[in-house]
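One structure below.
The values are calculated or read from the model by the stated rules, or taken from the named source; none is laboratory data. Note that the structure is a prediction, hence the values are computed from the model and not measured. Glycine gets a Cβ as well: all are built from the backbone with ideal geometry, and neighbour counts include every protein chain shown.
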Amino acid sequence: MKRIIEIFLVTLGLALSAGCSEFLDTVPDNRTTIDTPKKISQLLATAYPDRTYMTLIEHRCDGYTDFGSTFQGMQPDAAFDNVVSAFLWDEFTRSESGNDTNEQYWTSAYNAIAVANHALEAIEQLPDPGAASLQKGEALLARAYAHFCLLTLFADFFDTNNLAANPGIPYVTEPETVVIKHYDRETAAQTLEHVLKDLEEGMQLVGGSSDYDQPKFHFTRDAAAALGARIALFSRNYNDVIRYANMLLPTPTQHFALSYTDDTPVLNADGSPAQGVDPNDAADQFMRSNLHDWRTYIKSGNPDQMGTDFTSASANANLLLTECVTLAYREMVGTAYVRHAMERTAMVTLLTENVTGDPWIFQNVAYQWNGGRTYWLPKFYEDFKIDNPVAQTGVPYSKCALLRLEEVLLARAEAYAMLGNYDGALDDLNMFAACRIDDYAYGPNTLYKDKLTDYYTAQLNAPDHFINSAYNAGRFKAGDEGNVQKALILTVLDFRRIEFLYEGIRYWDVLRWNIPVTHTTIDGATSTLTPDDDRRILQIPQIATASGIQLNDMVNIPYPW
């Protein structure tokens, strides 16, 4: 007799925290019978973390300053302790009073995994499991996504030489039936193997956008390809980056040659012609039609509307969205609520200086609070979900883009560069720049090899720059070709830094490329996060030790406070 699946989520010793799903909210005791593909689809709407990693790692990055207080001269509320802890690279969040803590994200991710596992179990109990193949694909991809996020945050995943020895994170593939279950972390390599297995199987089954009423809030084939590109990039599997990216992006076929005013062709030092992607090329037009259109967003003149537009399901660039309980908006708007932000002059430099020679479009949407000490970009809109109509209490939340088309494009550019396809990398960078440079001009703003190596001459010649450090030894070719390769990577990283500001992506780049980060407190104390510093990895939340999960080592700290 078929066993009826009843959902009661318990994850790594933690009861399921309150979520935003209307489907589960209607069930009085968090139990419901899941016995049709439609009900499984409804359940899978909650198979995505309802907290965000962005607020955990953004202030760990380079460029942030400690102003000592908010611009009003007050100390931030305890709800913003996670920002202080991120800036100081604390082992544990200073308090768990807010929704943006390491523990909250850990719990949220494993709750999402639990939902995916219950969905998979429910599918196997259907009279015809094949009737729910789309749901199975989504469940596998959601499980892979949440585990991979945890792996890159709470494990030493980017130490590629020691993946087979470094502890991973528990990969949970079965619904929990006990309140506290003990878990083995296995190794980072084994965790990655599980992720790839779920990714590959899920991609074979998942549907396209037309299979969902709200496709941007579910894994589709497009979102799966974007996830595949991220995993491959972080794993340095560059051929797979290109394979996944090409599922989403066209490649240009029409180019124009750069020439001087006397019509003499511009040549690189190696004799190759300097060229750009023709504006009439189908790939270039695709990017201008599908990447985020900040030129249109600006027209509203309203930062809240811009944040809404940026995280809208109607934006083609957003491949996977979710609603997160978070104070991300308040944590990123300069020093209005928090004491850590980018200093004004540093922000101006970030907005205006780059290898193309002209400023980013973002300079036109940089705002500051009256009396504020920095600028901020409107990438979030905070809303409020009332959970008690009588008391009028609830939780703040924002829509967050988990996967975007811009990430895929820049991942492909990086992969091309690392594989020696420099023209392919330049094509992708030029198409990106055409969408992001204010008053972009084909020709004057076009990138080519020598333009990049000239711009980054100081970095390329500095033995102590991260691009030349021993931690990145062996990753580049030798001689002049190696300098072209390095200049391309520096360009990609700079483009990613401005494009994904506030979204946490920069911190993964810090880890991937062994970029040292120095922070200074308001009283002058300094500390540098070096590539061999144990603080680069988030500590396993203390509450997880109830499940026997081993904590990360926090003993090697070369430059402590």
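Data table
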{"quantity": "Residues of region 59-87 satisfying the condition of being within 20 Å of the chain's Cα centre (by Cα) and part of a loop (DSSP other than H, G, I, E, B)", "calculated": "61, 62, 63"}
{"quantity": "Spans of helices (runs of 4 or more DSSP H) in region 420-539 with at least 2 residues basic (Lys, Arg) and buried (at least 20 other Cβ atoms within 10 Å of the Cβ)", "calculated": "449-455, 479-499"}
{"quantity": "Residue ID - surrounded by the fewest Cβ atoms within 10 Å (Cβ to Cβ), chosen from residues in region 91-135 that are of a type in the set (Ser, Thr, Tyr) and touching a strand residue (DSSP E or B) at 6+ places or on another chain (Cβ under 6 Å)", "calculated": "107"}
{"quantity": "Single match in 489, 505 (criterion: under 15 Å from residue 411 (Cα atoms), touching a Lys or Arg at 6+ places or on another chain (Cβ under 7 Å), not assigned by TED's automatic domain parsing to the domain that holds residue 230 and not polar (S, T, N, Q))", "calculated": "505"}
{"quantity": "Given (1) touching a Pro at 6+ places or on another chain (Cβ under 9 Å); (2) touching a residue at least 60 places away in the same chain (Cβ under 8 Å); (3) more than 23 Å from residue 459 (Cβ to Cβ); (4) of a type in the set (Asp, Glu), index of the condition residue 358 fails", "calculated": "(3)"}
{"quantity": "Subset of region 227-244 [within 16 Å of the chain's Cα centre (by Cα) and charged (D, E, K, R)]", "calculated": "230"}
{"quantity": "All positions within region 366-404 that are outside any strand (DSSP E or B) and without any contact (Cβ under 8 Å) to a residue 12 or more places away in the chain", "calculated": "370, 389, 390, 391, 392"}
{"quantity": "Leading residue by the ranking (surrounded by the fewest Cβ atoms within 10 Å (Cβ to Cβ)) among those in region 254-268 that are in contact with a strand residue (DSSP E or B) (Cβ under 9 Å, 6 or more places away or on another chain) and assigned to a loop (DSSP other than H, G, I, E, B)", "calculated": "254"}
{"quantity": "Identity of the residue in region 504-536, under 29 Å from residue 404 (Cα atoms) and of a type in the set (A, V, I, L, M), that ends up farthest from the chain's Cα centre (by Cα)", "calculated": "529"}
{"quantity": "Some residue of region 310-323 being surrounded by fewer than 22 Cβ atoms within 10 Å (Cβ to Cβ), in the same structural domain as residue 446 (by TED's automatic domain parsing) and assigned to a helix (DSSP H, G or I)", "calculated": "no"}
{"quantity": "Condition met for residue 357 (within 30 Å of residue 238 (Cβ to Cβ) and either outside the structural domain of residue 428 (by TED's automatic domain parsing) or surrounded by fewer than 17 Cβ atoms within 10 Å (Cβ to Cβ) (or both))", "calculated": "yes"}
{"quantity": "Evaluation of residue 267 against (1) touching a Phe, Trp or Tyr at 6+ places or on another chain (Cβ under 7 Å); (2) over 29 Å from residue 543 (Cα atoms); (3) without any contact (Cβ under 8 Å) to a residue 40 or more places away in the chain (one fails), failing number", "calculated": "(1)"}
{"quantity": "Residues (assigned to a helix (DSSP H, G or I) and either surrounded by 20 or more Cβ atoms within 10 Å (Cβ to Cβ) or hydroxyl-bearing (Ser, Thr, Tyr) (or both)) located in region 195-214", "calculated": "195, 198, 199, 202, 203, 209, 210"}
{"quantity": "Selection within region 314-338 - among the hydroxyl-bearing types (Ser, Thr, Tyr) and farther than 29 Å from residue 215 by Cβ", "calculated": "335, 337"}
{"quantity": "Counted residues, region 56-70 - those being farther than 23 Å from residue 153 by Cα and either surrounded by fewer than 20 Cβ atoms within 10 Å (Cβ to Cβ) or of a type in the set (Asp, Glu) (or both)", "calculated": "4"}
{"quantity": "Residues of region 294-309 that turn out to be surrounded by 17 or more Cβ atoms within 10 Å (Cβ to Cβ) and free of Cβ contacts under 8 Å to residues at least 60 places away in the same chain, as a count", "calculated": "1"}
{"quantity": "Options 412, 404: the member that is among the charged types (D, E, K, R), closer than 30 Å to residue 301 by Cα, buried (at least 18 other Cβ atoms within 10 Å of the Cβ) and out of contact with any Lys or Arg (no Cβ under 7 Å at 6 or more places or on another chain)", "calculated": "404"}
{"quantity": "Unmet criterion (only one of (1) without any contact (Cβ under 8 Å) to a residue 24 or more places away in the chain; (2) part of a loop (DSSP other than H, G, I, E, B)) for residue 161", "calculated": "(2)"}
{"quantity": "Enumeration of residues in region 540-555 that are within 27 Å of the chain's Cα centre (by Cα) and assigned to a loop (DSSP other than H, G, I, E, B)", "calculated": "540, 541, 549, 550, 551, 552, 553, 554"}
{"quantity": "Residue match in region 226-248 (condition: surrounded by fewer than 17 Cβ atoms within 10 Å (Cβ to Cβ) and touching a helix residue (DSSP H, G or I) at 6+ places or on another chain (Cβ under 6 Å))", "calculated": "yes"}
